[in-house]
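Note sheet for the following structure.
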Amino acid sequence: MSFRNPLSKRVYHLKARPEQLSPKVLVAGDPDRIEIASSLLEDPVLVSRHRGFPVITGTYKGEKITLACHGIGAPSAAIVFEELAMLGAKIVIRAGTCGGLSPEAESGKIAVIEASAYENSGTLRQYFGEVSMPAYATPEVTLKIVEVLGEMGLEYHRGVALSHDAFHKVEENASRWGKLGIDFLEMESAALFTIGRYRGLKTGAMALIVDNMISGSELTEGREELELKMMKAGLEALRRLQI
């Protein structure tokens, strides 16, 4: 089975062609966040919304940038990361949400995910077998994200995430994971970092911390505003990065 239509050059799920995308891509799991973030672009064009995954390309301060939804979890995200690579992506930054597990990872801060732990099963085992592929962001991308967040005055915490697969099974394990030195809990960054390395992409990830599973703090106000500021930071970081 071919996952690229040889006549149209469109990929199987995103239904996009290489010329419709930028090599610089900002991704998120929530399709609404992608569509809201398109308000930050000049002349945004909806490339596709196949299976509810919007792909939008526009310009940000004169730089062509694409926004794309990757859905929830590694299986969904891996498909999108693979197809973005097929379409010529070179730099991919994820802007998502996460839970905090360390005292410093308080709700309302931006998690800058430098690396991710993961269980060697499921999606990534299909790629790498018995090998535990190191899951870490491209350092220059992480540094650019930190630079922009600092300039914007956004509070952030740099650390390590655990990318897990079972959203509704986390509470019973949160304390144990925190004791292992895990700062954040989310679902997709390990897939981004490992598949990105496998396919030659530069990658980075940040996530708004919506709660801390140890202290019990929750982000109850201003979430939408912070999410939009985070997306703006992602766009600015992409604009400054060299392919």
Q: List L192, L162, L124 from most exposed to least, where exposure is judged by having the fewest other Cβ atoms within 10 Å.
A: L124, L162, L192
Q) Leaving out same-chain residues fewer than 8 places away, which aspartates and glutamates sit with a Cα under 19 Å from that of K90? A) E19, E63, E82, E114, E140, E188, E236
Q.
Taking amide H atoms as placed 1.01 Å from N in the peptide plane, list the residues 5 or more away in sequence, or in a different chain, whose amide H sits under 5 Å from that of A135.
A. S116
Q | Per-residue ³J(HN,Hα) for segment 226-242, Karplus 6.51 cos²θ - 1.76 cosθ + 1.60, θ = phi - 60°, Hz, x for Gly and Pro | A | 5, 4, 5, 5, 5, 5, 4, 4, x, 5, 5, 4, 4, 4, 7, 6, 9
Q: Round to the nearest 10 and give me the degree value, 0 to 90, for the angle of helix 139-152's Cα axis relative to the longest principal axis of the chain.
A: 80
Q: Kindly work out what percent of the DSSP beta bridges joining two residues of the chain are antiparallel, to the nearest 5.
A: 40
Q | Over 22 Å [Cα-Cα, segment 17-113], rounded percent | A | 29
Q. What's the longest bit of the chain with no exposed GluC sites (Glu not before Pro), using DSSP loop states and at most 14 other Cβ atoms within 10 Å as the test?
A. 1-103
Q) In degrees between 0 and 90, to the nearest 10, how far off the longest principal axis of the chain does helix 189-199 point, with axes built from Cα atoms? A) 40
Q. Can you sort I36, I93, I113, I79 so the residue with the fewest Cβ neighbours within 10 Å comes first?
A. I36, I79, I93, I113
Q. Do the alpha carbons of any pairs in K61/K229; K24/K64; K64/K232; K109/K229; K24/K61; K169/K229 sit beyond 19 Å of each other, and which pairs?
A. K169/K229
Q: Using θ = phi - 60° and the Karplus relation 6.51 cos²θ - 1.76 cosθ + 1.60, list the HN-Hα couplings for segment 66-76 in order, rounded to whole Hz, with x at every Gly or Pro.
A: 10, 10, 9, 8, 10, x, 10, x, 5, x, 5
Q: Please express the shape of the chain as an equivalent ellipsoid: the semi-axes are the square roots of 5 times the eigenvalues of the C-alpha gyration tensor, given largest first in whole angstrom.
A: 27, 21, 15
Q | Dipole-positive endmost among V27, A105, L149 within the chain (Cβ charges, Cα centre) | A | V27
Q. Each residue of segment 205-213 in turn: what ³J(HN,Hα) in whole Hz from Karplus with 6.51, -1.76, 1.60 and θ = phi - 60°, glycine and Pro shown as x?
A. 8, 9, 8, 6, 7, 8, 7, 10, 6
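FYI, it's all coordinate maths here, none of it is from the lab. It should be emphasised that the depicted structure is a prediction, and the values quoted were computed from it without experimental measurement. Quick reminder, even Gly has a Cβ in these numbers, built from the backbone with ideal geometry, and neighbours come from all protein chains shown.
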